[in-house]
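Taking it in order: structure first as structure tokens, then the write-up.
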Amino acid sequence: MAFDTWLIYLVAVIGLSLAPGPNGLLALTHGVMYGPKKTLFTIIGGVLGFVVLIALAMFGIGALLLASADLLLLFKWIGGAYLIWLGVRIWRSPTIELQPIGKTVVISDMALFRQGALAALTNPKVLLFFGAFLPQFIEPEQSLFSQFIVMAATFAVVEFAVEYLIARVATGLRPWLARSGKRFNQCCGGVFALIGASLPLYNN
């Protein structure tokens with residue numbers, strides 16, 4: 001990939017990572033609930049999920065989903081159901097108390113990793129977006145695999161940095177949550193549920 005093309009891609013990826021989405025919201029929620037150190041597992045899961053989607057998009061699965069309306073609809077329903085389930089769990093989470101973060105953790109690292117990965121992998125809109133976005137930067141005369149490595153690594157680094165920053169900032173919300181924690185859980189859970197409910201209705 002030419003350096004000037006990579007710079008344009010980098011700027012586009014930064015803008016994409018800063019846009020609100022399920023994984024950013026999950027990093028925010030887990031940052032508040034478990035602290036930035038433990039939220040690293042959520043972030044790593046999400047980043048690896050995005051790398052898998054980039055691979056699928058660059059090597060043709062995105063085109064398959066576009067060609068098969070039934071398959072796309074199935075992915076939408078699966079992704080929507082997962083986000084609704086996640087939203088309900090967050091909605092029902094107990095109010096965070098101002099104790100040392102380590103004493104309030106009741107979820108395993110693997111569970112956080114799995115939630116981050118599934119939040120990325122079960123959203124077909126992300127795969128379709130990558131399918132339309134990435135070809136703009138692919139240079140046909142160069143190795144597709146080497147370009148995948150560059151694009152995926154760039155996206156992974158930027159996405160990791162943005163989500164970790166979100167998790168760090170979220171930790172500062174803990175004092176406010178002593179007063180309004182339940183409303184925060186309900187707000188985040190409601191957003192997840194709304195995103196999940198909207199996926200099967202998305203026709204573009």
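Coordinate-derived values only; no laboratory data. Since the structure is predicted, the reported quantities are computational estimates derived from the model, not experimental observations. Here the Cβ is made from the backbone with ideal geometry for all residues, glycine too, and neighbour counts use every protein chain on show.
For the reader, a short list of remarks on this structure follows.
- The length gained by stretching the chain between Ala55 and Ile149 to full extension, at 0.36 nm per residue less their Cα-Cα distance, is 32.9 nm.
- Net length gained if the chain between Ile8 and Val169 were fully extended (0.36 nm per residue, minus Cα distance): 55.2 nm
- Figure legend: label point modelled 7 angstrom from the Cα of Ser198 along Cα→Cβ; residues of segment 20-61 with amide N under 11 Å from it are 20-22.
- Compared with the alpha-carbon gap, the fully stretched path from Ala161 to Arg92 is longer by 21.9 nm at 0.36 nm per residue.
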